[in-house]
Every structure is written in structure tokens, then in C-alpha cells.
Amino acid sequence: MMAEFEPEIESHFWDDGWIIGGLDEAGRGALAGPVSAGVVVLDREPAEVLRKAGVRDSKQLTPLKRERLAPMIKELARAWGVGFASAEEIDALNIVRATKLAATRALTSLSLFPDHLLTDYLILPEIDIPQTALIKGDQRCVSIAAASILAKTARDELMRGFEKEYPGYGFAQHKGYGTQVHRSAVKRLGRCAIHRKTFSFA
């Protein structure tokens, strides 16, 4: 059963006239490719339209549903952004710091900066705005769920491109996650430039 959103979380800020942004990431657990972060700034009515359209945590949606919702999110959002941190940056910084770097890049790309940030249990000390880190935030807030969809679809598109650049690994299929198909390809071909060297393939 899908978790129900808790609209009172966002309404609390909208009622006070705050501009709020939802932020989430994708690709932290993958063995190859970047980690991505999405941020979405929504008002109350567009958030309700997106909820009725089926916006949920990206992991609860099919790839086709995510691809259909992403353009709607971009159209209805007051602002949105996506940022990445590469496999090289993940190896150099560690995955947590690289995720924060991707999130910072997503935020700095915004045309409208939020007064308050709602995240899926992530705090960005480098960003000087109030933040609320929510456990399972992508299942509780439309803004965070919408951000999760943009982060996921942007990263998936990038991984499909890597399929052409690094054929044989199946990146278009598994998006860099540790499936048996992926692990078998690495045993056969070795690691390529977008594999995370600090992640274990055991």
C-alpha cells in the first residue's frame, strides 16, 4: 500500500506565505554513474494537481509513469532544478558529500530560491536557508516526491546515454545498479570510466 501524503507539512509553510522547495536524490546506491538531486518549488494548487495526477515517490512509480509526470512537474513548478555529482566526485568525496554537492548544484540552478527547504532526510549545512529533514519525506510531501521524479528521470536519461558510450554493460537497462546482469558484465569487461571505484562489486 502506498503511503499517504501529509499535506499539513507543506500547508504550514504556505499559510505563512513561505516559498518552499522539495529536494530529493537518486542513484546513491548505484555502482556506476553519477548521483543526482532534484529540487522543485511548488505552490498549493499545483501541488494538489500533481498529487491527483499520481505524483508519488519515484520508487513507487513505473518508468513510463515517471516519464509522463516529469514534464508536468516542470510546467507547474514555480522553479525546478537538477544537479549531478560524477562517479569521480563520489570516489573523491564519499557518497554522502557527493550527494550534498549534487543537491547544492540543483539549488543554485533555480530561478527562484525557496525560503525553506524540505528534504528526504538530508541536511545541507552549506546552504544558508532553513531546512526540514523528513524521514521518508518523498512519501510524505508532494514537493519532495516531485523532486524525486525529476532526479530519477534526469539520471535515467544520462545512463541511457552512457549505454551508447560504454556498450555491453546494460546501463540503459539497470541504470548502474548492482543487478546480476551488471555484475556479470563487469566480470566480463572490467570496470569502465563511470564505475565508482570505491564501491564494492562483491
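Quick rundown of the values:
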read-out	value
Histogram of C-alpha separations across segment 111-202, 5 Å bin width, %	3, 12, 17, 16, 13, 13, 14, 9, 4, 1
Geometric extent, Cα atoms of segment 34-82 - Rg, Dmax (angstrom)	10.8, 33
Karplus 3J(HN,Hα) series, Hz, for segment 185-197 with 6.51 cos²θ - 1.76 cosθ + 1.60 (x for Gly, Pro)	5, 5, 4, 7, 10, x, 7, 10, 5, 9, 6, 7, 5
Nitroxide proxy distance, nm - points 7 Å out along Cα→Cβ at V181 and V96	3.3 nm
Amide H contacts under 5 Å for A79, placed H, 5+ residues apart	V41
Gap separating the Cα centres of segment 41-95 and segment 155-193, nearest whole Å	23 Å
Contour excess over end-to-end distance, with Cα ends at L112 and R78 and 0.36 nm allotted per residue	11.5 nm
Accessible carbon and sulfur surface of the chain relative to its total accessible area, %, 1.4 Å	54 percent
Estimated FRET transfer efficiency (S200, K65; beta-carbon r; R0 41 Å; 0.05)	0.80
Cα gyration tensor shape for segment 93-160, rounded if a/c is under 1.5, else prolate or oblate	rounded
Semi-axis lengths, Å, the chain, gyration tensor of Cα atoms, sqrt of 5 times eigenvalues	31, 18, 13
Segment 81-202 - accessible surface per residue (Å², probe 1.4 Å)	47 Å²
Highest-fluctuation residue, A151, A98, A37 considered, GNM on the chain with Cα pairs under 10 Å	A98
Table column - 3J(HN,Hα) (Hz), segment 146-159, Karplus curve with 6.51, -1.76, 1.60, x for Gly and Pro	4, 5, 5, 5, 5, 4, 5, 5, 5, 5, 4, 4, 5, 5
Residues with amide H under 5 Å from that of V35, placed H, sequence gap 5 or more	A85
Solvent-accessible surface (1.4 angstrom probe) belonging to H174, in square angstrom, nearest 10	10 Å²
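The values are calculated or read from the model by the stated rules, or taken from the named source; none is laboratory data. Remember, it's a predicted structure, so these values are computed and weren't measured experimentally. Cβ sites come from the backbone with ideal geometry, for glycine too, and all protein chains shown count toward neighbours. Quick note on the areas: whole protein, heavy atoms, side chains included, nothing else; ligands and nucleic acids left out. Shrake-Rupley method; radii C 1.70, N 1.55, O 1.52, S 1.80 Å.
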